[in-house]
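See structure below.
The values are calculated or read from the model by the stated rules, or taken from the named source; none is laboratory data. Quantities reported herein were computed from a predicted structural model and do not represent experimental measurements. With ideal geometry, Cβ positions are generated from the backbone for all residues, glycine too; neighbour counts draw on all protein chains shown.
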Amino acid sequence: MKKTILALVAAVALQSCNNETLQPFDIAQKPASIEVKGYSKPDSLQMKLNGNPVLINEKSTYAGNINTKLEFVLDEGETNFLTVNRKSDGKELAKFEINYKNLEDYKAINFYNLPGLFLQTAVNKPTVNLGRTGFMFIFPNLGELSKNGLTEVKGVLRKANGDAVKNEKGEAVVFEKIGRKDFTDVQVFRNFTDKVVYLDLYKPGESAPYATVELKNGVRYSMIVLQEMQEKNQVVVKGDINVADYL
């Protein structure tokens, strides 16, 4: 009888231990609250959280301004997957792996989906007074085609006659660090009549430009996306996309 009771107690203890091992009672958790701000034109997009469509205003696909807040609970050791997909062909444009440890990195997710470009950055329209022109730049694919290893470049605006464009302090308009992730601060100057303006790009520590980009002048503010592109077996830099056109 004693042996039977001891065996029963041992079995119960073993089962309890196994249950605690497989399903701990006290799993560390964090509440996730993620602000999503995006824009898409002309494509319609769909976001999915762990494969399930994210509804915005009871719709599973959306275009134009895309704003929502995602709220859920994260368990320690768990990873949640948020994807942004194009509706027309289901192509995955972006994927975010959100877990207990990196949650602080995902307080906000920003993106712009434009023709031929998916941009992951916050975009704020600059303030530029009448009679002035402002430029901002971002270079998301810097080095991808050229394989030059650059993470940022310097940009200097000049006129067609070679003169530097100057701000109201009489200083040359210079963008010290044009990088992949964020737009530069806006640089403002007085309007002038030339239809185009040129951005000379410099590698760090060099005094001669390695590329020149022709830009439209006379627009009140321009938020230019620089892109490396392949033309006639050469890598060139273009600035054809102005995000301000979509704001």
Meets criteria (modelled with pLDDT of 95 or more, among the basic types (Lys, Arg) and out of contact with any helix residue (DSSP H, G or I) (no Cβ under 6 Å at 6 or more places or on another chain)) for residue 158: yes
If a residue has to be in a loop (DSSP other than H, G, I, E, B) and either surrounded by 13 or more Cβ atoms within 10 Å (Cβ to Cβ) or not basic (Lys, Arg) (or both) to count, how many in the stretch 154-176 make the cut? 11
Scanning the stretch 152-193 residue by residue, the ones that are within 19 Å of residue 223 (Cα to Cα) and not hydrophobic (A, V, I, L, M, F, W, C) total 18
Among the candidates 141, 124, which residue alone is in contact with a Lys or Arg (Cβ under 8 Å, 6 or more places away or on another chain), at pLDDT below 95 and either basic (Lys, Arg) or within 30 Å of residue 44 (Cβ to Cβ) (or both)? 141
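Yes or no, residue by residue, for (1) under 16 Å from residue 36 (Cβ atoms); (2) outside any strand (DSSP E or B); (3) in contact (Cβ under 8 Å) with a residue 60 or more places away in the chain:
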{"position": "66", "(1), (2), (3)": "yes, no, no"}
{"position": "85", "(1), (2), (3)": "yes, no, no"}
{"position": "93", "(1), (2), (3)": "yes, no, no"}
{"position": "97", "(1), (2), (3)": "yes, no, no"}
{"position": "101", "(1), (2), (3)": "no, yes, no"}
{"position": "112", "(1), (2), (3)": "yes, no, yes"}
{"position": "118", "(1), (2), (3)": "yes, no, no"}
{"position": "121", "(1), (2), (3)": "yes, yes, yes"}
{"position": "126", "(1), (2), (3)": "no, yes, yes"}
Go through the stretch 177-195 residue by residue and tally those that are in a strand (DSSP E or B) and either buried (at least 16 other Cβ atoms within 10 Å of the Cβ) or at pLDDT 95 or above (or both). 6
When (1) without any contact (Cβ under 8 Å) to a residue 40 or more places away in the chain; (2) in contact with a strand residue (DSSP E or B) (Cβ under 6 Å, 6 or more places away or on another chain); (3) within 30 Å of residue 43 (Cβ to Cβ); (4) of a type in the set (Val, Ile, Thr) are applied to residue 151, the one that fails is (2)
Within the stretch 224-247, track down each residue that is modelled with pLDDT of 95 or more and touching a Phe, Trp or Tyr at 6+ places or on another chain (Cβ under 6 Å). 224, 226
